């Protein structure tokens, strides 16, 4: 389902640009210049509206997180949820970001002090470019939740569990790093099991009913997940490990 165009999204993105990380195609992201603390890196591909990354970054605060989303009108919502959770302000009734001091940011950037930015940075980009963003063996864990199943003929190569993406994850993950994948789509999950088995990653735990499994304890539900579960739809889940 396509999200409606967000009101004044350009100004909203600009106001919180301190929480975003821009990448240059000929230079990897240097994590030591991005975060206040030097911690292992985790990556979420397709962060959507940000519920998952917001909660995970608090529950597992010993990591730094990158949240990737290619749709600007979606990632602005994720960044605002995260900023609000950190006491960095809120969206005003006029559709502009308002800082904790009441200042409304219109056509200006708030240079948020590094120590206030927390352990999440957002990247407004396509997963096609992951291998240009991060160095090999630099990421501890990769998460992909409820990605587009790309069900039409000829679209399989665009799935986030297509062989070419799994090859990228293998390169980016540290030894013993884990790729974690959730979907409600049975056909996509069947496909993903087969592609993971055929990849360099080693298939570990998997289930066709996450909420009835041992992995449900501590499971962070996305907005999609809550909606699907309320309709009685079972959630599929797998883990794949880069062996050391």
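Treat segment 1-69 as a sphere of radius equal to its Kirkwood radius over Cα pairs and apply Stokes-Einstein at 37 °C in a medium of 0.692 mPa s; give the translational diffusion coefficient in µm²/s, rounded to a whole number. Can you show the working numbers first?
On the way: Rh = 13.9 Å.
After rounding, the answer is 235 µm²/s.
Using Cα pairs under 8 angstrom and six or more residues apart, how large is the relative contact order of segment 153-224, in percent?
Numbers: 27 pairs, mean separation 21.1, N = 72.
For segment 153-224, the relative contact order is 29 percent.
Going by how many other Cβ atoms sit within 10 Å of their own, how do 179, 165 line up, fewest first?
Details: 179 29, 165 24.
Starting with the residue having the fewest Cβ neighbours, the order is 165, 179.
How big is the antiparallel share of DSSP beta bridges in the chain, given as a percent to the nearest 5? Kindly include the intermediate steps, with their values, before the conclusion.
Values: 15 of 35 bridges.
Around 45 percent of the beta bridges assigned by DSSP in the chain are antiparallel ones.
Where the centre of each part is set by its Cα atoms, how far does segment 30-87 sit from segment 144-174, in angstrom?
21
Two decimals is fine: what is log10 I(q)/I(0) at q = 0.11, 0.12, 0.13, 0.17 Å⁻¹ for the chain, from a Debye sum with one equal scatterer on every Cα and no solvent?
Once normalised to I(0) and log-transformed, intensities are -0.58, -0.70, -0.82, -1.35.
Classify segment 42-108 as rounded, prolate or oblate, taking a ≥ b ≥ c as the square roots of the eigenvalues of its Cα gyration tensor: rounded when a/c is under 1.5, otherwise prolate if a/b is larger than b/c and oblate if not.
Values: a/c = 2.69, a/b = 1.56, b/c = 1.72.
Taking the square roots of the gyration eigenvalues as a ≥ b ≥ c, segment 42-108 is oblate.
Which FRET efficiency, nearest 0.05, do residue 106 and residue 9 yield, Cβ-Cβ r, R0 22 Å?
On the way: r = 13 Å, r/R0 = 0.60.
About 0.95, to the nearest 0.05.
So how do 44, 80, 194, 11 line up by other beta-carbon neighbours within 10 Å, fewest first?
Values: 44 26, 80 23, 194 13, 11 17.
Final ranking by Cβ density, sparse to dense: 194, 11, 80, 44.
Taking the Cα centre of each part, how many Å lie between segment 107-134 and segment 207-231?
About 28 Å separates the Cα centre of segment 107-134 from the one of segment 207-231.
Please order 151, 222, 207, 161 by the number of other Cβ within 10 Å, starting at the fewest.
On the way: 151 11, 222 21, 207 18, 161 25.
Final ranking by Cβ density, sparse to dense: 151, 207, 222, 161.
What does DSSP give for segment 43-173 in terms of the percent of beta bridges that are antiparallel, rounded to the nearest 5?
Details: 4 of 15 bridges.
Antiparallel bridges make up about 25 percent of those DSSP assigns within segment 43-173.
For the chain, with a Gaussian network of springs between Cα atoms less than 10 Å apart, report the residue from 47, 21, 176 with the top mean-square fluctuation.
176
Per DSSP helix of 4 or more residues, -39500 (n - 2.57); summed, then divided by the residues of the chain. What does that give at 222 nm, rounded to the nearest 500?
Numbers: 7 runs with 64 residues, N = 244.
For the chain, the value works out to -7500 deg cm²/dmol.
For segment 175-244, compute Rg over Rh where Rg is the Cα radius of gyration and Rh is the Kirkwood radius from the inverse mean 1/r over Cα pairs.
On the way: Rg = 12.5 Å, Rh = 12.6 Å.
Here Rg/Rh amounts to 0.99.
Which percent of Cα-Cα pairs in segment 105-244 sits in each 10 Å bin, short to long?
Taking every Cα pair in segment 105-244, the percentages come to 10, 36, 33, 15, 5, 0.
If you count the DSSP beta bridges with both ends in segment 28-119, what percent of them are antiparallel, to the nearest 5?
Working: 4 of 9 bridges.
Counting DSSP beta bridges with both partners in segment 28-119, the antiparallel share is about 45 percent.
Readers should treat all values here as calculations from the given coordinates under stated rules, not as data from a laboratory. On a predicted model such as this, the values are computed, not experimentally measured, just so you know. Glycine also receives a Cβ, built like all others from the backbone with ideal geometry; neighbour counts cover every protein chain displayed.
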